[in-house]
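Since the structure comes first, as structure tokens, the remarks are kept for the end.
The values are calculated or read from the model by the stated rules, or taken from the named source; none is laboratory data. What you see is a predicted model; the values in this text were computed from it and never measured. Neighbour counts are summed over all protein chains in view; Cβ atoms, including those assigned to glycine, are modelled from backbone coordinates with ideal geometry.
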Amino acid sequence: MKANFNVQLYKNRKIVWLVSFSLCLISLIGMLICLKSTSIKAPLNLGLDYTGGTQITLERSCAVNCTNLNTSEISNSINGLKNQDNNFSLNTSPNLTRSQIQLLDNSKLISIRLPFLSPDQSDSVVAEVNKSFGPFNNKNTSVEIIGPSLGKQLLKSSLISLLFSFLGIALYINFRYDRRYSFLALFALFHDVLIVCGVFAWLGYFFNVEVDSLFAVSLLTIAGYSVNNTVVVFDRIREKSLIEKQLSFKYQIDKAVGATLTRTLYTSLTTLLPLICILIWGGSTLYWFAFALLIGVIAGSWSSIALAPSLLSITSNKEVD
């Protein structure tokens, strides 16, 4: 038998709105600070996927199996060049802390992505990595320039994908319910995405955390998750409005949220468990992707069981019994 919690959402609606408003305001402030920052100049600290840079690919000379490497050690070795190599001694030298390291084919291939480097700077990076983690097969060493136009195109494609997903969600909910539900579902979705972006804006400002193409994927995933939870709650609200007509619409919403609260919490917890595992054991490549999803799941659960229903409760003109 399912437990129905005695939720008093309408009574505590102002607390719900205050929490969501505060989180959204803090997020907007973080994005505005990043936009005004001389080093970021964007609402989020955009990574090399969007800004372009230099990609260096090295192939290790291994007889059979290559020994495992640590991406942090490679990154620290590259960062040390700013104090050791004359090519990086100028104030205008690229920020080596923005390096993105990937180990491919069981650590046989090392992919290094950095801001735009000159030929001499690229040679210095290759020499440093070769000294600490070589030997390498020099014939298969490649240095490629990823132009900013490609990054802008990727950023444009990411924004278009988000826009069309929002429109598709709005059309679906508008067809299934009515305009009130559609607007509130989109509002809750915007709330979730804004909070995730705000968290990464502050992380980018204080800890130089960058967003890449995986961040756009995480936002699309969060959109689907958030709307799925909201639709379940809206379905139960519609069901309660048909069965318990003697209650006011506000009380129907409270009972519907109480009936779906256990399901929403269980779904969120089972989603969070694998994300926490990825955070701990997934490596640096998936760390921030999993972190974005984790924040999105928490924000999406809150908006589905608290924010959207509390806003829906004030759209009815019926008197409270």
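Only one residue in 259, 290 is part of a helix (DSSP H, G or I), closer than 30 Å to residue 112 by Cβ and of a type outside the set (Lys, Arg), so which one is that? Criteria check complete, one pass: 290.
Mind listing whichever residues of the stretch 176-200 are part of a helix (DSSP H, G or I) and surrounded by fewer than 13 Cβ atoms within 10 Å (Cβ to Cβ)?
Of everything in the stretch 176-200, just one residue is part of a helix (DSSP H, G or I) and surrounded by fewer than 13 Cβ atoms within 10 Å (Cβ to Cβ), namely 179.
Every listed requirement among (1) farther than 23 Å from residue 17 by Cβ; (2) in a helix (DSSP H, G or I) is met by residue 236 save one, (1). Among the residues of the stretch 54-109, those that are of a type in the set (Val, Ile, Thr) and modelled with pLDDT of 80 or more comprise 54, 56, 57, 71, 74, 78, 101.
May I ask you to say which residue of 192, 178, 212 is among the charged types (D, E, K, R), in the same structural domain as residue 299 (by TED's automatic domain parsing) and at pLDDT 85 or above?
192
The helices (runs of 4 or more DSSP H) found wholly in the stretch 59-175 and carrying at least 1 residues that are under 25 Å from the mean Cα position of the chain (by Cα) and surrounded by 16 or more Cβ atoms within 10 Å (Cβ to Cβ) occupy 71-79.
Within the stretch 23-47, residues that are over 12 Å from residue 211 (Cα atoms) reach partners that are of a type in the set (Val, Ile, Thr) and in a helix (DSSP H, G or I) with beta carbons closer than 6 Å, at six or more positions or on different chains, in the pairs 23/195; 27/195. State yes or no: is residue 276 β-branched (Val, Ile, Thr) and surrounded by fewer than 19 Cβ atoms within 10 Å (Cβ to Cβ)? For residue 276, the condition - β-branched (Val, Ile, Thr) and surrounded by fewer than 19 Cβ atoms within 10 Å (Cβ to Cβ) - is met.
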